Amino acid sequence: MALIGAQMFTLRDSCKDSAGIASSCARVKKMGYDGIQGSAAYFNEIEAEELKKILDGEGLVCAATHRSLDAMRDEPQKEIDWHNTVGCKYTAIGGTLFGQETTVDDWKQFSVDFSAATRKLADGGIKAGYHNHSHEFADLGGGETPMSVMLANFDPHVWLEIDVYWVAHGLGDPAEWIMKVANSGAGRIPCVHYKDGTVSAKREHKMMPIGEGNLNWAAINKAVADAGVEWLLVERDAGDHDPFDALEISINNMREMGL
């Protein structure tokens, strides 16, 4: 069964320094989370030894991080050392080519470039991945989408961090995409972003805690189990609930789902 982690971008306003990270991790652990995803500005600045001490003190692990492509490409050994010290083997970027008119060739070129930029990380035991939003499901013609192009053209060491909410916002089927990635090769989908909300066919949307929106959680939960996903990372970018409340409601609902 997959472990459940808190994507700390949800708590970014409370994680602006070491003390904020420590107190936030304590609250996350008390809710019942197994680990975190280090994401938000200060997580890219905190010393690895300090973060490791905080996590060990709370009995949490760092499941994954979000880091910049520049850091992955330009300082791979620094990234390898940081992640090894923290005890984290997965990192990802948060997307690319936002708000641009793109072609199949643009996404093919990005896939080649990203694969090359992250090869040294992979050689050092740190796997880099790509986190989707919804523009990766736009029609590029010929039955292709940015996500299908990336899936076909990334090197095997690149993994895909499927964000189920943004797949739905892009009018894709989250469970179907989880299985597409899983079936593309071993180790391609170690982590999935769990996020809920109301998403309509007109792409009108509002983010909510897990189990409070209209995503098909029965199908998603079956897919992550079938795919052998290691981590379900709960995230709430924005919404009406206090961020801590959103995380607590989410994990309670997930436990009721049998996760």
Could you compute the FRET efficiency for A219 and A186, with r as their C-beta to C-beta distance and R0 at 22 Å, rounded to 0.05? 0.45
Residues with amide H under 5 Å from that of D196, placed H, sequence gap 5 or more: M208, I210
Sorted largest first, extent of segment 1-89 alpha carbons per principal axis (Å): 37, 31, 21
Going toward the positive end of the dipole of the chain, with +1 on Lys and Arg Cβ and -1 on Asp and Glu Cβ, which of V104, W177, A41 do you reach last? W177
As a Kirkwood estimate from alpha-carbon pairs, segment 119-181 has a hydrodynamic radius in angstrom of 12.3 Å
Efficiency of FRET between L140 and K206 - r from beta-carbon atoms, R0 41 angstrom, step 0.05: 0.90
Once the Cα gyration tensor of segment 31-146 is found, what semi-axes does its equivalent ellipsoid get, as square roots of 5 times the eigenvalues, in whole Å, sorted largest first? 30, 16, 11
Tell me the volume per residue, in Å³, of the convex hull enclosing the alpha carbons of the chain. 117 Å³
Sorting V112, V167, V158 on the 10 Å Cβ count, fewest up front, what's the list? V112, V158, V167
G197 neighbourhood, Cβ < 12 Å, K/R = +1, D/E = -1, net charge -3
Would you order K16, K195, K202 from fewest to most other beta-carbon atoms within 10 Å of each residue's own beta-carbon? K202, K16, K195
Pseudo-spin-label distance D105 to S68, built 7 Å along Cα→Cβ, given in nm, is 3.0 nm
Amide H partners (placed H, <5 Å) of G129, local residues excluded: T91, A92, I93, W159
List the relative contact order of the chain as a percent without decimals, with contacts defined as Cα pairs under 8 Å and 6+ residues apart. 19 percent
Karplus ³J(HN,Hα) for segment 138-153 (6.51 cos²θ - 1.76 cosθ + 1.60, θ = phi - 60°; Hz, whole; x = Gly/Pro) runs 6, 6, 9, x, x, x, 9, 10, x, 5, 5, 5, 5, 4, 7, 10
Between K16 and D113, 0.36 nm times their residue separation minus their Cα-Cα distance comes to what? 31.7 nm
When the dipole is taken about the Cα centre of the chain, and only Lys, Arg (+1) and Asp, Glu (-1) are charged at their Cβ, what size is it in debye, to the nearest 20? 440 debye
If r is the Cβ-Cβ distance from E45 to D242 and R0 is 30 Å, what FRET efficiency results, to the nearest 0.05? 0.75
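Just so you know, all these numbers are worked out from the coordinates, no wet-lab data involved. Being a predicted model, the structure only gives us computed values, none of them experimental. Cβ coordinates were reconstructed from backbone atoms using ideal geometry, including for glycine residues, and neighbour counts include every protein chain displayed.
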